[in-house]
1. In the chain, what percentage of the DSSP-assigned beta bridges are antiparallel, given to the nearest 5?
2. Any idea what angle helix 11-23 forms with the longest principal axis of the chain, computed on alpha-carbon atoms, 0 to 90 degrees, nearest 10?
3. Provide the packing ranking of 57-65, 125-133, i.e. peptides ordered by the mean count of other C-beta atoms within 10 Å per residue, highest first.
4. Could you work out which residue, out of 115, 41, 80, moves most in a Gaussian network model of the chain, that is, has the largest mean-square fluctuation with Cα springs under 10 Å?
5. Can you tell me the orientation of helix 29-40 relative to the chain, as the angle in degrees between its alpha-carbon axis and the longest Cα principal axis, to the nearest 10?
6. Based on alpha-carbon centroids, what's the gap between region 22-61 and region 104-164 in Å, whole number please?
7. Report the net charge of residues surrounding residue 32, where surrounding means a beta-carbon distance below 14 angstrom and charges are Lys +1, Arg +1, Asp -1, Glu -1.
8. Enter the angle in degrees (range 0 to 90, nearest 10) between the Cα long axis of helix 49-73 and the first principal axis of the Cα atoms of the chain, meaning the one along which they spread out most.
Amino acid sequence: MATARPEYISLEGWTRLNDELDQLHRVERPTVVNNVAAAAAEGDRSENAEYIYGKKRLREIDKRIEFLRKRVEGLTPVKAASTAERVVFLSYVRVEDAEGELHEYRIVGADETDARTGAISVKSPVGRALVGKRLDDEVFVRTPGGLKELTIIDIGVEPLDPAD
């Protein structure tokens, strides 16, 4: 039986998930439970909007708590990229496309992607193409717009200096 490959997440991302889990479990859920109990004490529950909404919200919170518990258990937090010699998990990467435009990415876990900041999943087409590559390597990425060529011009373990 093959063992599952570990799924990585940055330490910051893992902390955010844990903080959300803690907030839901210790703050939001007890507040909603109290609100539902107060609404139930008012009488007829079938026409009590606060009770009905509260029960719905409680189910949503419980589903999210269960998801986060399982998710956090299955993740391996990583503090930083282990090398600047090649692209690895949590590397900061600057690439140049065929049109000469520069793009900066950070290779992260699926739970922490953010296109606005350049945080791309290690499992994304660009992430998969970059991992393992070195400075000056050219990679080809199949995108909905066609095949894109990218040249790696900088790799870092910390955010890259925009002046470089």
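Any read-out appearing in this document is the output of simple, stated calculations on the displayed coordinates, not a laboratory observation. Just so it is clear, the model here is predicted, and its values are computed rather than measured. With ideal geometry, Cβ positions are generated from the backbone for all residues, glycine too; neighbour counts draw on all protein chains shown.
1. Working: 19 of 26 bridges.
Counting only bridges with both partners in the chain, antiparallel ones make up about 75 percent.
2. That works out to roughly 10 degrees.
3. On the way: 57-65: 14.3, 125-133: 18.1.
The most tightly packed comes first, giving 125-133, 57-65.
4. Looking only at 115, 41, 80, the largest GNM fluctuation is found for 41.
5. 30 degrees
6. 44 Å
7. Working: positive: 26, 29, 55, 56, 57, 59, 63, 64; negative: 28, 50, 60, 62.
Charge balance in the 14 Å sphere: +4.
8. On a 0 to 90 degree scale, this one is about 40.
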